[in-house]
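Working notes for the structure below.
The values are calculated or read from the model by the stated rules, or taken from the named source; none is laboratory data. Predicted model, so just to flag it, every value in this text is computed and none were measured. A quick note on method: Cβ atoms are made from the backbone with ideal geometry, for glycine too, and the neighbour counts reach across all protein chains shown.
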Amino acid sequence: MIATTKHSLKKLEQLLEELGYTVRYEKGNFTSGYCLVEQRRIAIVNRFYDTEGRINVLLEIVGQYDAAPEGVELTPKSEKLFRKIRREVSRSAAEEE
């Protein structure tokens, strides 16, 4: 399980940046998640979410990847975090079945 700390949030933001996303925190009445804007990957998160809510949204985005996209080089720390998230997503999927 990923700890719900600001440090963990920063590590997730770094991982998403390495995956080609721009993470933005905006206010408004919208569902958090991500969108593609003019072929760019932008994760837009409600700025009023607490740290745990922000982490959950970013985990949902990262969890959609089975592997890092071709041509993407992750740093060793980000690669380790990515593998940890993939294991948790796989475990959750297995429990749902």
* Asked: Looking at Q64, Q39, which is the one that is under 24 Å from A3 (Cβ atoms), among the polar types (S, T, N, Q) and surrounded by fewer than 12 Cβ atoms within 10 Å (Cβ to Cβ)?
  -> Q64
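If I filter the range 72-93 for residues that are aromatic (F, W, Y), modelled with pLDDT under 85 and out of contact with any Gly (no Cβ under 6 Å at 6 or more places or on another chain), do I get at least one hit?
First pass over the range 72-93, keeping only residues aromatic (F, W, Y): 82.
This time we only want the ones that are modelled with pLDDT under 85, so: none.
The answer is no, given that none of the residues of the range 72-93 is aromatic (F, W, Y), modelled with pLDDT under 85 and out of contact with any Gly (no Cβ under 6 Å at 6 or more places or on another chain).
So, in the range 55-78, exactly how many residues are among the charged types (D, E, K, R) and within 22 Å of R91 (Cβ to Cβ)?
Total satisfying the criteria: 3.
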* Structure fact -> Those residues of the range 3-36 which are surrounded by fewer than 17 Cβ atoms within 10 Å (Cβ to Cβ) and among the hydrophobic types (A, V, I, L, M, F, W, C) amount to A3, F30, C35, L36
* To do: Considering every residue within the range 43-55, establish whether at least one is out of contact with any strand residue (DSSP E or B) (no Cβ under 6 Å at 6 or more places or on another chain) and under 16 Å from L81 (Cβ atoms).
  => yes
* Please enumerate the residues belonging to the range 15-40 that are touching a strand residue (DSSP E or B) at 6+ places or on another chain (Cβ under 9 Å), in contact (Cβ under 8 Å) with a residue 24 or more places away in the chain and farther than 14 Å from V57 by Cα. => L19, G20
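Answer yes or no: is there a residue in the range 7-14 that is acidic (D, E) and free of Cβ contacts under 8 Å to residues at least 40 places away in the same chain.
Our first condition is that a residue be acidic (D, E); within the range 7-14, this holds for 13.
Checking which are free of Cβ contacts under 8 Å to residues at least 40 places away in the same chain leaves us with none.
No, the range 7-14 has no match at all.
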